[in-house]
Amino acid sequence: MRKVIATSALLIGLAAAAAAQIADGDQQWAARAEGHQSGHAKATHVDAAIAAYQRAIAQNPNDLEARWKLLRGLRFKGAYVASSSDDKKQIYSTAKKAGEDTLAVVDRLLSAKGMKSVSKATEKEVADVAKSIPGADEVFLWDSVNWGEWALAYGKMAAAREGAADRIRREATIAMLIDPKLEGGAPSRVLGRLHDQTPRIPFITGWASNREAVRFLNESLKADPTNKITKVFLAEAMVSGNSDTKPQAIQSLKELLTTPNDPNYEVEQAAAQDDARALLKKWGA
């Protein structure tokens, strides 16, 4: 009995220590835009957040909150701090490994709830069970995002041949089925971008469709009508699929350049504005 009590006390203590580290990481994460220049952030605060989440995981390896926040932090560092292709490759390779470790935890939790074969289950079957696991939706979302970034860093054709596109599609779909409004409609944003950017390779990624890209991105925009990242992705998909909608896409990009950025996503939206300017220049608008 004493051993059980001691073990319980130890677990409670580790969970409390992990929670404290997560709180520290959240504080650093909230300050990630400090000192940024347009869509490029300094490493100081996001590095501190990543380190805090890693310490939390070391204290409590089953803590999904710390794990998905680590995945989110690594993605931010790769997208908005890294300044070279080699840096991005290194960061997203780290993110891939962290994602594998995190999904192993999710798989164990799903199995504990009676799911016999996670890999063979449909997206809906996984989502139905995962809804009862706090943080599982964020895990699937951020792992899919990091795989997408990894694919861009290493090359879309090579990534498609390694099955990256199918993995991204499966995980983003699971996240969407759990919570379509997650992170401002991020799951459908990922799916839309995936359909737009994935090379059409027969028997491998033949499912990729510009029509689906536009549909998913419009669904994402319904969840968060002010999201500038979604607007840029949608404009690009509209033009690549139908030149008749180019004027509408151009107007949308011009409008997002004149509206203020959400202070909670200052760097991310500033980067979207940079992308919008690049597209307008490319289109001669």
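The values are calculated or read from the model by the stated rules, or taken from the named source; none is laboratory data. Computed from a prediction, not measured in an experiment: that's the story for all the values here. In this analysis, Cβ positions are derived from the backbone assuming ideal geometry, glycine residues included, and neighbour counts consider all displayed protein chains. Note: areas computed on protein heavy atoms with side chains; ligands, DNA, RNA excluded. Shrake-Rupley method; radii C 1.70, N 1.55, O 1.52, S 1.80 Å.
A few points about this structure:
- Taking region 125-136 as the range and being open to solvent by 10 Å² or more (accessible area, probe 1.4 Å) and among the hydrophobic types (A, V, I, L, M, F, W, C) as the test, the residues that pass are 129, 133.
- Summed over region 105-119, residues that are open to solvent by 40 Å² or more (accessible area, probe 1.4 Å) and in a helix (DSSP H, G or I) total 5.
Conditions tested, residue by residue: (1) within 27 Å of residue 200 (Cα to Cα); (2) at pLDDT below 95; (3) loosely packed, with under 14 Cβ neighbours inside 10 Å.
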position: 245; (1), (2), (3): yes, yes, no
position: 249; (1), (2), (3): yes, no, no
position: 256; (1), (2), (3): no, no, no
position: 265; (1), (2), (3): no, no, no
position: 272; (1), (2), (3): yes, no, no
position: 279; (1), (2), (3): yes, no, no
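- Residues that are open to solvent by 30 Å² or more (accessible area, probe 1.4 Å) and at pLDDT below 95 are absent from region 71-79.
- When restricted to residues that are touching a residue at least 40 places away in the same chain (Cβ under 8 Å) and more than 18 Å from residue 99 (Cα to Cα), region 144-159 contains 2.
- Every listed requirement among (1) surrounded by 22 or more Cβ atoms within 10 Å (Cβ to Cβ); (2) of a type outside the set (Val, Ile, Thr); (3) in contact with a Ser or Thr (Cβ under 8 Å, 6 or more places away or on another chain) is met by residue 208 save one, (1).
- Selection within region 64-87 - part of a helix (DSSP H, G or I), more than 12 Å from residue 41 (Cβ to Cβ) and either over 16 Å from the mean Cα position of the chain (by Cα) or hydroxyl-bearing (Ser, Thr, Tyr) (or both): 85, 86, 87
- Just one residue in the set 139, 106, 129 is hydrophobic (A, V, I, L, M, F, W, C) and closer than 20 Å to residue 190 by Cα; that residue is 139.
- Residue in region 186-205 that is in contact (Cβ under 8 Å) with a residue 24 or more places away in the chain and more than 25 Å from residue 156 (Cα to Cα) present: no
- Candidates 138, 125 - the one that is free of Cβ contacts under 8 Å to residues at least 12 places away in the same chain and among the acidic types (Asp, Glu): 125
- Condition met for residue 139 (open to solvent by 20 Å² or more (accessible area, probe 1.4 Å) and either assigned to a helix (DSSP H, G or I) or out of contact with any Asp or Glu (no Cβ under 8 Å at 6 or more places or on another chain) (or both)): no
- Flag for residue 260 being out of contact with any His (no Cβ under 8 Å at 6 or more places or on another chain), open to solvent by 50 Å² or more (accessible area, probe 1.4 Å) and closer than 28 Å to residue 104 by Cβ: no
- Verdict on residue 132 being of a type in the set (Ser, Thr, Tyr), more than 24 Å from residue 180 (Cα to Cα) and outside any helix (DSSP H, G or I): no
- Residue in region 45-56 that is within 16 Å of residue 95 (Cα to Cα), modelled with pLDDT of 95 or more, touching a His at 6+ places or on another chain (Cβ under 7 Å) and assigned to a helix (DSSP H, G or I) present: no
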